[in-house]
Amino acid sequence: MNALVAARGGAALFAVLALAATLWHGIDGRGTALAFGVLVAVGELVRWSGAQEREPAPLAAAGALAYALLGENGGHPTHDGVPQVVAVVTAASLLGCVPHVAKGRGPTADHLTRRVLTVGFAAVCFQPFYGLGRAGRWPGDGPGYAALVVALLVLTALWDAVLAAALERARTRWPFGPLLRDELRATLGIGSAVCATGAVIALAVAVAGLWALPVLSLPLLLTQLSFRRYAAVRATYRQTIASLARATEIAGYTPAGHARRVAALSRAVGRELGLSGPELTVLEYAALMHDIGQLSLVDPVPAGATACLAPAEQRRIALLGGAVVRRTGVAAEVAVTVERQADPYREQPVGARIVRAVNAYEEKAREAGPGGSLGALEELRLGTARDYQPEVVESLARVLARDGLTSPPVG
């Protein structure tokens, strides 16, 4: 958390100094500053409320990057400078975030931290170079100018990915490597659209003036709407799977909340082991539906505890569950994870190894009552010869120790 506090404090100090310098020296090119400020503010207003996407306000991000990399306006050189760029983007972002803060939507602090530090990085890299161009010591127009803008956007995208992964690492204490890999992969999605739009806006405004802003912002806004619909469909899909998983609880085959707890803990263990975003999604879906095969049983397993059953019976329930999952239309990887969860761990995919170990821990700790966590972990360690992968068990132990969990919640 110290790194997170340091990042937030550094961004706040940077923004305050930029605002103070801008107020002291005045705003240069007020029309340009106002136009880009309005674009950033509007982008923040239409951000994806509650979205878990990497960039919830792509229009604001593109506008901020374009302003940081703006050298000319309609053929006339600009003299914005780093402090003014950071000040305008910070003020516009704060203004656009006001309705979201009023409605309790976040996370605004980390979002603004990334915005300030990323825009500051781009401005610090570009503005001095362009200043050299105005002084005749660097070719500030033509192909060299376009190449510089594109190259700095690539560097800024990489910096933003590292920053986002570092903030997530400080907040969750998950491994940095997988987080950075997920951020870099996300850059190829909406991140590439943001960077491309930022570059095109900066280059177009340099030639055509501020009239290019609304024209070039519209495609990204439409892209944002498409991504929002996709995110809504994905959220509905997950809710459908969660509802299917609750069928065993409603029918009385498993305790209330069991599937949800196994899914949450499995995802945390997967993060600890370095699984990627798509792999974590498959793992979560499989963990939610890992007990669905019990619906095919005539006689319910007492308390739904399958870890204590004979290996042949565990495998039969797992295969029944996989068959049910395949009929729901869920991805084949989820069905494979469900039906392989009872195999010896050396023959399992990593997702099945995690689900099996976490499910066994949750059942054993629940049966032992308060304080049963250590006993359950010890039983899992004793079963690492065949049933549970040692690395998975130790990752589970680290997750439990880090989160201060002693036993799973009841109900």
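Data overview
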| item | result |
| --- | --- |
| Residue match in region 287-298 (condition: closer than 30 Å to Ala193 by Cα and open to solvent by less than 10 Å² (accessible area, probe 1.4 Å)) | no |
| Qualifying residue in region 211-228 (condition: among the small types (Gly, Ala, Ser) and under 30 Å from Ala352 (Cα atoms)) | no |
| Residues located in region 208-250, provided they are open to solvent by 60 Å² or more (accessible area, probe 1.4 Å) and outside any helix (DSSP H, G or I) | Trp211, Arg246 |
| Test result for Gly322, part of a helix (DSSP H, G or I) and closer than 25 Å to Ala397 by Cα | no |
| Matching option when the condition is buried (at least 23 other Cβ atoms within 10 Å of the Cβ) and more than 14 Å from Leu273 (Cβ to Cβ), among Ala357, Ala365, Ala385 | Ala365 |
| Filter result for Leu45 (at pLDDT below 90, open to solvent by 10 Å² or more (accessible area, probe 1.4 Å) and not aromatic (Phe, Trp, Tyr)) | yes |
| Filter result for Ala165 (more than 15 Å from Leu39 (Cβ to Cβ), part of a helix (DSSP H, G or I) and open to solvent by less than 20 Å² (accessible area, probe 1.4 Å)) | yes |
| Search result, residues across region 334-348 that are modelled with pLDDT of 90 or more and either touching a strand residue (DSSP E or B) at 6+ places or on another chain (Cβ under 7 Å) or surrounded by fewer than 20 Cβ atoms within 10 Å (Cβ to Cβ) (or both) | Val336 |
| Region 293-320, subset out of contact with any His (no Cβ under 7 Å at 6 or more places or on another chain) and among the small types (Gly, Ala, Ser), residue nearest to Ala376 (Cα to Cα) | Ala307 |
| Close pairs (7 angstrom Cβ cut-off, 6 or more residues apart or separate chains): among the acidic types (Asp, Glu) in region 20-34, open to solvent by less than 30 Å² (accessible area, probe 1.4 Å) anywhere | Asp28/Asp80; Asp28/Gln84 |
| Top-ranked residue in region 263-278 [being modelled with pLDDT under 90 and within 20 Å of Thr240 (Cα to Cα); ranked as surrounded by the fewest Cβ atoms within 10 Å (Cβ to Cβ)] | Pro278 |
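The values are calculated or read from the model by the stated rules, or taken from the named source; none is laboratory data. Nothing here was measured: the structure is a model prediction, and the numbers come from that model. No Cβ is skipped: glycine too gets one built from the backbone with ideal geometry, and neighbour counts run over all protein chains shown. Surface accessibility is based on the protein's heavy atoms, side chains included, excluding ligands, DNA and RNA. Shrake-Rupley method; radii C 1.70, N 1.55, O 1.52, S 1.80 Å.
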